[in-house]
Amino acid sequence: MEISSGVRVLTLTETFTIARGSTDTEEVVWAEIAHGGHVGRGEGAPDDRYGESVEAAREFIERAGDALGDDPFALEAIEHRLRSRGGSVVGCCAVECALHDLVGKLVGQPTWRLLGLADRTPPTSYTIGIDSIEGTADRARRAAEAGYRRLKVKLGGAADLERLEAIRAVCDLPLRVDANEGWTVAEARDLLPALVGLNVELIEQPFPAAERDAFRELRAVASGIPLVVDEGCHTLRDVADVAGYADGVNLKLAKTGGIREAVRMIHASRALGLVVMLGCMIESSLGISAAGQFASLCDFVDLDGHLLISDDPCEGLTLEDGRIVLSQRPGLGVEPRA
Ligand code: MG
């Protein structure tokens, strides 16, 4: 197997702001693995919140060749060899997803089928970044008109409640909120009754990842809205801890390092009674399609990274009635645009 790496710069259609900062472009890293007349491709999206970088991811991919061996179907063994080296998780993700793409192409089947799963996925949320009250309402109105069926609202900035009320004034879509570690317990407790009244269906990472007692305190209020851990849950070994202070996990390939670890985490979450959300970074449809392959197993799907960019370098993934529609083509089902 021959492996190589590349970088794609993705341009956001609108400035994207969360509690930690703003961005207009994102860089993602690709792994390409050539074998048996096919090329498998996978993507990784480095996030500096997790100490990841494009450079470290590319270095991981460029060094991965001797861990691949000569059997691309030996996915568990290859993954074990890749992970035992340490280093960039998103580099590992790009390689692992490229192998799934390659294996699907070698046997002529979509990855979701090889995983024994369905191609139908729950409706995705569309993310409304932090903006002014008027700007938030405008984004929500446009998203509702575009046919999205869930909204995820980034909070942890100024005027959180006023922004949510402005959204409610223009649409009645179910809302998810994500404070990206930006609240204190007092702020969350003050907001909670209003969130219940606004039919918020989940609260994502209200507090810093290390502040587990804050989660326990808010959970004790028993609002009925699940508290979902994103920044505080990366891999399988984190899932049991989450069950001790929250109600669910938000899985992302950029944290799990690949498809197989994410699927393991879904089953562990089920055993522990946790709800499962599937999220993403700003990614092309190559990265989003990789997550989509197992989205049918999840309760809440938030796979909109490719919908927030103006220059998706791939095609093959579509959107219908607010759901991402997986391709029937082999592997991950997306290819670079000609
Ligand atoms: Mg989040």
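For this structure, a couple of remarks:
- For segment 219-237, the set of residues classified as within 16 Å of the ligand (Cβ to nearest atom) and either over 25 Å from Arg49 (Cα atoms) or in contact with a helix residue (DSSP H, G or I) (Cβ under 8 Å, 6 or more places away or on another chain) (or both) consists of Ile225, Leu227, Val229, Glu231, Gly232, Cys233, His234, listed by residue number.
- Test: residue in segment 228-235 that is farther than 17 Å from Val185 by Cα and either in contact with a Ser or Thr (Cβ under 8 Å, 6 or more places away or on another chain) or outside the structural domain of Lys152 (by TED's automatic domain parsing) (or both): yes
- Considering residues of segment 243-258 that are more than 16 Å from the ligand (Cβ to nearest atom) and crowded, with 24+ Cβ neighbours inside 10 Å only, the residue nearest to Leu75 (Cα to Cα): Gly258
- Residue match in segment 281-296 (condition: within 11 Å of the chain's Cα centre (by Cα) and over 24 Å from Val54 (Cβ atoms)): yes
- All conditions in (1) crowded, with 24+ Cβ neighbours inside 10 Å; (2) more than 17 Å from the chain's Cα centre (by Cα); (3) in contact (Cβ under 8 Å) with a residue 40 or more places away in the chain hold for Ala45, with the sole exception of (2).
- Among the conditions (1) part of a loop (DSSP other than H, G, I, E, B); (2) more than 16 Å from Ser125 (Cα to Cα); (3) away from the ligand (no atom under 16 Å from the Cβ), Pro193 misses just one, which is (1).
- Filter result for Glu59 (part of a helix (DSSP H, G or I), farther than 20 Å from Ala291 by Cα and at pLDDT 95 or above): yes
- Flag if Leu286 is more than 16 Å from the ligand (Cβ to nearest atom), in contact with a Cys (Cβ under 6 Å, 6 or more places away or on another chain) and of a type in the set (A, V, I, L, M, F, W, C): yes
- Taken as a whole, segment 141-161 holds at least one residue that is buried (at least 22 other Cβ atoms within 10 Å of the Cβ), over 18 Å from the mean Cα position of the chain (by Cα) and away from the ligand (no atom under 16 Å from the Cβ).
- In segment 8-28, the residues that are within 16 Å of the ligand (Cβ to nearest atom) and among the charged types (D, E, K, R) form Cβ pairs under 6 Å with partners that are at pLDDT 95 or above and not in a loop (DSSP other than H, G, I, E, B), at six or more places apart or across chains, as follows: Glu26/Leu10.
- Restricting attention to segment 17-56, the residues being closer than 27 Å to Asn180 by Cα and assigned to a strand (DSSP E or B) number 15.
- Pairs with Cβ under 6 Å, 6+ apart, first in segment 197-219 and assigned to a loop (DSSP other than H, G, I, E, B), second more than 15 Å from the ligand (Cβ to nearest atom) and not aliphatic (A, V, I, L, M): Leu198/Arg168
- Residues (in a strand (DSSP E or B) and either away from the ligand (no atom under 13 Å from the Cβ) or not assigned by TED's automatic domain parsing to the domain that holds Pro123 (or both)) located in segment 162-177: Leu175
- Residues in segment 178-190 that are within 16 Å of the ligand (Cβ to nearest atom) and in contact with a helix residue (DSSP H, G or I) (Cβ under 7 Å, 6 or more places away or on another chain): Ala188 alone.
The values are calculated or read from the model by the stated rules, or taken from the named source; none is laboratory data. Predicted, not measured: the structure shown is a model, and the values here were computed from it. Virtual Cβ from ideal backbone geometry, glycine too; neighbours counted across all protein chains shown.
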